[in-house]
Structure formats: C-alpha cells, structure tokens
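J.: Can you keep this structure in mind? I'll have questions shortly.
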Amino acid sequence: MLNGKQVLLVIGGGIAAYKCLDLIRRLRERGAGVQCVLTRAGAKFVTPLSVGSLSENKVYEDLFSLTDEAEMGHIRLSREVDLILVAPATADLMAKMAHGLADDLASTVLLAANCPIMFAPAMNVAMWQNAATQENLATLTLRGLKVIGPSEGDMACGEFGFGRMAEPLEMIAAIEDHFSVAAPLSGHRALVTSGPTHEPIDPVRFIGNRSSGRQGNAIASALAGLGARVTLVTGPVGSSLPKGVEIMRVETAAQMLAACEAALPADIAVFAAAVGDWQVKTMAAHKIKKADGEPPSLVLAENPDILKTIASGPGRPDLVVGFAAETTRLIDNATIKLTEKGCDWVVANDVGPGSDVFGGTENTVHLVTAAGVETWPKMSKQDIARKLAGRIAETIGAKNMVTSLGGEKEVGQ
Ligand code: CTP
C-alpha cells in the first residue's frame, strides 16, 4: 500500500518527536519515501542527523536557507509528495494551520500544500481540552485534514488524560487506510487513448484533426490519481502530458492500434482519441511538388477501428468506454456506437460548429449506457475526467465484489 508513496513528515516540537524516528523507519520498511521538515522546536527533541540518517534524505529546517530554497523551495517540497503528516502536531502548529500563518518553513509548506494532510496531535491534556485548540481542531477537520489520535494516558508532564501522540503503528495504519480509500483502482490497469492521429500524405503533409488531447490526458491523470496503472496512448499533441502514467506516443491510427494491443491486458479502457477514419492509401515517398502538374488526388483507405478491435478482441478489458463526437442526432448516433462498437459506456459530445469542444477546456457530455442516458452539466474537461474516473472506480469496485462473492461477472452498468 505504501510502496512508492512519498510522505512529507513535519516534525513539531514536543517530547513525542522521538516516536517519529521509529515512524520514519517503519514507513521506509514499507517502501515509502520520506522527506522531513524539522521545526526549530522539533530540533530540540530529535537531531537532524538522526532524522536524515533514517529517512536517507536531506532534512529541511529553515525557510530562509538559500540552499534549501534553491534546491527545493517550500512550494516544491509540498508538491512532490502524496501526503503530509504533521507529528507531533503541537497546539502551536495546529493553531498556525487553522489560521493560515506562515512564519517558518513548516507552516509555509503546510499553507502552500495541495495534497492531503494528516496530523497527530501531542500536547498536555489542558492544552488539548482548551477551547482554542478544540476550535482549531474543528476547523482543520472541517477542511478535510485527517486527525490521528491523540490517545489517553500518562503524560511526560506527569498529568493524565488525552494528549498522548498516536503510536507509530497507529499512524502507519491510518496512512494505509488513507491510501486504500484514496486509491480504489490500485491493482487495476487502464488503457487510455488520446489526441488526434496524423495520417501522412507525403513526408511533410498529413491529414489530421483539431483534437488537443486535453480530455484524454485528464482522464488518464484522474484514473492514475485513483491508483490505476495507466498507459496513455497519445497521438501528436502540443499540450503537456500527464505525470505518473506510462506514455506511448504514436502518429497514425495503425500505430495507435498496435500500441493499444501492446498495452493489454487492461481492466479498463477509455478511447478518447479522435482517430482519423481514413489514411492515404499510398504515401508519396517524396514531397509532392506543385510543378508535378495537376493538384494531386488522394486515394483514401479506411483505418482500423481501434475501439471496435479491442472491444471484440480476445483480451477485452472488463470495462470499455468509448466517446462519440457528433454534429447531428447526438444521442441516437452515440447509442448506435454503443452497440456497434461493443462498448459498455459511450461518452457523447456535440462537436458541432460553435461547440468549441475540440481544443477547448470545457464540455457538456452525456453518458450513454444500456441503462439509459445521463446528461452531465457543462463542466471543465478535468471535472468530467474526475467524474468519469469516479464512476469507473465505483463500477469496477462493485464488479470485484460480485466476482469475489462467486457471482456472475458483470460488465458495465
Ligand atoms: N475510434 C477508434 N478508432 C477509429 C475511429 C474511432 O478507436 N478508427 C473510437 C474513438 O476513439 C471514439 C469512438 O471510436 O471512442 C467513436 O469515435 P467517433 O469519431 O465519434 O466516431 P467514428 O467511429 O469515427 O464514426 P463517425 O466518424 O462515422 O462518427
């Protein structure tokens, strides 16, 4: 579960900081990469040397250290990890997080973070029970930060009550839980096609289309975000390609089909590419010259239907999702594609003049399945991708449940 995950541990100033050394060791044993930010107070309880030796990474302490800023920077530090864990989360660190203060490296990283944050409070029982701390706790949990502990017991100050930091194994269990919930598609493989194809006419010209690849890229990224191992087969696009997915770049429909076949087996396949329907039957070996005479006539041959080939082939993924780009009779045509191409779902979109779908950032789509048609409101391609990936995760999860209970294996809805 933790293998390959990157965790940023923010070590606050409390006697419980010593538990972080064991926590780092246990995270590393499970294959997680650990980077640490040590607050000034934290460094009074554990040394940078011990933290750095166990994490096998540089320890970050000072917001204004030029080396730290040049090498990593407080923004990048929070961007390169899957999770931030604050332990011990002192009353002071909780207050800073709740109120958005950023006066040292730890609080600045926390304010700049755009990844999930967990925190393990540790403090004296009266500090924990103080209305200020409880209000900060409520604010942080309301914002979606996850709290681990604290537990009840004897405290280093001699008092008894709530405020003891969770044990390293409890923190590991909470982190594993977090990743299992956040990664419902972990262990599943997904194939996504994206972008246009370019069918060569001669060495310098091609037949192409206006697809930007944005929708397919966003879907690949959203599936990877849910834990799937994703292969993205992409035609030539200018937009940047998603991180954390395997990328196979192709030019033509024939190459895209070969790449898709090579990427199998997969549990999920989403065909978002705008594949050219035709190729030029015989590509000219040299640039066609104007001086050659009359404008050339192009003789076209039909391209393979990649979606149909994969959906009817021996290694058919469990869930096959196609797109339908239409300018007329949107739902009717999409419903025909659903059955003719052997899809479980078709995402239908109107690409008519004025729709601005090809190359644009927003879309209005309809999810067409055997169960009916669902119209989604206009939203960004990223949001469509997230919604579709969530729907895929629900369906794959339900299907696994049926299979593990020995029931019939369902496909699609
Ligand atoms: N598709 C494919 N291979 C092709 C053509 C299309 O894999 N040679 C896939 C697309 O990626 C999409 C779906 O089939 O998921 C429908 O594509 P679309 O362009 O809407 O339809 P076409 O099959 O090309 O049919 P038409 O152009 O006649 O609408």
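The values are calculated or read from the model by the stated rules, or taken from the named source; none is laboratory data. Remember, predicted model here, so these are calculated numbers, not experimental data. Cβ placement follows ideal geometry from the backbone for every residue including glycine, while neighbour counts extend to all protein chains displayed.
J.: Looking at segment 286-321 only, could you name the residues that are polar (S, T, N, Q) and closer than 30 Å to G397 by Cβ?
T.: Within segment 286-321, the subset polar (S, T, N, Q) is 297, 303, 309, 312.
T309, S312, listed by residue number.
J.: Quick one: count up the residues across segment 324-356 that are in contact (Cβ under 8 Å) with a residue 24 or more places away in the chain, farther than 22 Å from K387 by Cβ and over 29 Å from the mean Cα position of the chain (by Cα).
T.: 5
J.: So the check is Cβ under 8 Å with 6+ separation or different chains; which pairs have a first residue in segment 296-316 that's in the same structural domain as A266 (by TED's automatic domain parsing) and touching a residue at least 24 places away in the same chain (Cβ under 8 Å) and a second one that's aromatic (F, W, Y) and within 8 Å of the ligand (Cβ to nearest atom)?
T.: If the second residue must be aromatic (F, W, Y) and within 8 Å of the ligand (Cβ to nearest atom), the pairs left are I306/F271; L307/F271; I310/F271.
J.: Starting from residues that are small (G, A, S) and within 26 Å of K341 (Cβ to Cβ), keep the ones in segment 280-311 and report whichever is farthest from the ligand (Cβ to nearest atom).
T.: In this case the residue turns out to be A301.
J.: Working only within segment 1-35, note down all residues that are closer than 13 Å to I84 by Cβ and over 23 Å from the mean Cα position of the chain (by Cα).
T.: V10, I11, G12 - these are the residues of segment 1-35 that are closer than 13 Å to I84 by Cβ and over 23 Å from the mean Cα position of the chain (by Cα).
J.: Please determine whether any residue of segment 17-24 is under 21 Å from L111 (Cβ atoms) and of a type in the set (D, E, K, R).
T.: no
J.: Can you tell me which residues in segment 257-268 are more than 10 Å from the ligand (Cβ to nearest atom) and buried (at least 16 other Cβ atoms within 10 Å of the Cβ)?
T.: A258, A259, A263, L264, A266, D267, I268
J.: For the condition under 22 Å from the mean Cα position of the chain (by Cα), more than 11 Å from the ligand (Cβ to nearest atom) and loosely packed, with under 15 Cβ neighbours inside 10 Å, what is the one hit in T395, T361? I'd like the intermediate steps shown before the answer.
T.: Working: T395 fails: loosely packed, with under 15 Cβ neighbours inside 10 Å.
Residue meeting the stated conditions: T361.
J.: Here's a follow-up. May I ask you to say which residue of V237, V245 is within 32 Å of the chain's Cα centre (by Cα), closer than 27 Å to R391 by Cβ, within 16 Å of the ligand (Cβ to nearest atom) and assigned by TED's automatic domain parsing to the domain that holds R391?
T.: Of V237, V245, the one residue that is within 32 Å of the chain's Cα centre (by Cα), closer than 27 Å to R391 by Cβ, within 16 Å of the ligand (Cβ to nearest atom) and assigned by TED's automatic domain parsing to the domain that holds R391 is V237.
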